[in-house]
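The values are calculated or read from the model by the stated rules, or taken from the named source; none is laboratory data. Not measured: the values here are computed from a predicted model. Cβ: placed from backbone, ideal geometry, glycine included. Neighbour counts: every protein chain shown.
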Amino acid sequence: MNMRMNRVVLAGILLVLIENGVLPWLIPSAWSGRLMPHLTFVLAVYVAGYAGRHRAFLFGLGFGLLGDVLYYGSLIGPYAFGMGLIGYAAGLLLERKPLTLAAAMGVTAMGSAALGTIVYMIYRLFRLTPWSYGFSFYWYIAPSLLLEVLIALALYLPVRRFLLKPSSSSSEESAG
């Protein structure tokens, strides 16, 4: 199966709008500083599984940079670097076999933890955060990881239904 990349980019823009316009209203105020779900990151994992590592790298790089510009003003580039790198790595992991639900959830969980760790390490390198990694993992990374896995679970069927075009061999088999 191949992805319809024009629909994927439009879906990414829609997810950015939801991430910035709707989710802040849905997240309780006590958790607003802790939960930072990255919907476009979840879509980048699906791009890695269905379209390959190179497209996932470019998708993650582009939407990560957009996220850096929109709402992470301290430093431009950590999310672009992290999402691009993890999109490429996820594409390497998923290129040998078809993407199943379990593989999508596992790669999303590992990628989310890696993205949070990469951003933390970059912020720590430039001394933009005073917190330890243990505190950051407990306070930011783990809650966002759980929410992103739930979002990946909710997006699994819509991604397969609307963003994938069937391969030509399956249409020939159904015709015969």
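Residues checked against (1) without any contact (Cβ under 8 Å) to a residue 12 or more places away in the chain; (2) touching a helix residue (DSSP H, G or I) at 6+ places or on another chain (Cβ under 8 Å); (3) in a loop (DSSP other than H, G, I, E, B):
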position: GLU19; (1), (2), (3): no, yes, no
position: PRO24; (1), (2), (3): yes, no, no
position: ALA30; (1), (2), (3): yes, no, no
position: ARG34; (1), (2), (3): no, yes, yes
position: LEU43; (1), (2), (3): no, yes, no
position: TYR46; (1), (2), (3): no, yes, no
position: ARG55; (1), (2), (3): no, yes, no
position: PHE59; (1), (2), (3): no, yes, no
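Which members of the range 1-17 meet the condition of being surrounded by fewer than 16 Cβ atoms within 10 Å (Cβ to Cβ) and in a helix (DSSP H, G or I)? Full working, then the answer.
So in the range 1-17, the residues surrounded by fewer than 16 Cβ atoms within 10 Å (Cβ to Cβ) come out as 1-2, 4-7, 9-10, 13-14, 17.
Within the range 1-17, MET5, ASN6, ARG7, VAL9, LEU10, ILE13, LEU14, LEU17 qualify.
Taking the conditions exactly as written (farther than 13 Å from LEU43 by Cβ, touching an Asp or Glu at 6+ places or on another chain (Cβ under 8 Å) and part of a helix (DSSP H, G or I)), does ALA80 satisfy them or not? Break it down into steps so the answer makes sense when it comes.
On the way: farther than 13 Å from LEU43 by Cβ: yes; touching an Asp or Glu at 6+ places or on another chain (Cβ under 8 Å): yes; part of a helix (DSSP H, G or I): yes.
Criteria met by ALA80.
Condition check: touching a Leu at 6+ places or on another chain (Cβ under 8 Å), surrounded by fewer than 18 Cβ atoms within 10 Å (Cβ to Cβ) and either at pLDDT 95 or above or over 17 Å from ILE86 (Cβ atoms) (or both). Does LEU153 satisfy that?
yes
hydroxyl-bearing (Ser, Thr, Tyr), surrounded by fewer than 18 Cβ atoms within 10 Å (Cβ to Cβ) and free of Cβ contacts under 8 Å to residues at least 40 places away in the same chain: is that true of SER132 in this structure? Walk me through it before giving the result.
Numbers: hydroxyl-bearing (Ser, Thr, Tyr): yes; surrounded by fewer than 18 Cβ atoms within 10 Å (Cβ to Cβ): yes; free of Cβ contacts under 8 Å to residues at least 40 places away in the same chain: yes.
For SER132, the condition - hydroxyl-bearing (Ser, Thr, Tyr), surrounded by fewer than 18 Cβ atoms within 10 Å (Cβ to Cβ) and free of Cβ contacts under 8 Å to residues at least 40 places away in the same chain - is met.
Out of all the residues in the range 85-92, is one or more surrounded by 18 or more Cβ atoms within 10 Å (Cβ to Cβ), over 11 Å from the mean Cα position of the chain (by Cα), over 17 Å from MET3 (Cα atoms) and of a type outside the set (Val, Ile, Thr)? Working first, answer last.
Taking the range 85-92 as the starting set, the residues that turn out to be surrounded by 18 or more Cβ atoms within 10 Å (Cβ to Cβ) are 85-91.
From what's left, over 11 Å from the mean Cα position of the chain (by Cα): 85, 88-89, 91.
From what's left, over 17 Å from MET3 (Cα atoms): 85, 89.
The next check asks that each one be of a type outside the set (Val, Ile, Thr); those that pass are 85, 89.
For the range 85-92, residues surrounded by 18 or more Cβ atoms within 10 Å (Cβ to Cβ), over 11 Å from the mean Cα position of the chain (by Cα), over 17 Å from MET3 (Cα atoms) and of a type outside the set (Val, Ile, Thr): present.
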GLY67 being among the small types (Gly, Ala, Ser), in contact (Cβ under 8 Å) with a residue 12 or more places away in the chain and closer than 17 Å to MET5 by Cα: no
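Any idea which of GLY111, GLY116, GLY82, GLY60 is surrounded by 21 or more Cβ atoms within 10 Å (Cβ to Cβ) and under 18 Å from ASN20 (Cα atoms)? Before the answer, list the steps.
Working: GLY111 fails: under 18 Å from ASN20 (Cα atoms); GLY116 fails: under 18 Å from ASN20 (Cα atoms); GLY82 fails: under 18 Å from ASN20 (Cα atoms).
Among GLY111, GLY116, GLY82, GLY60, only GLY60 is surrounded by 21 or more Cβ atoms within 10 Å (Cβ to Cβ) and under 18 Å from ASN20 (Cα atoms).
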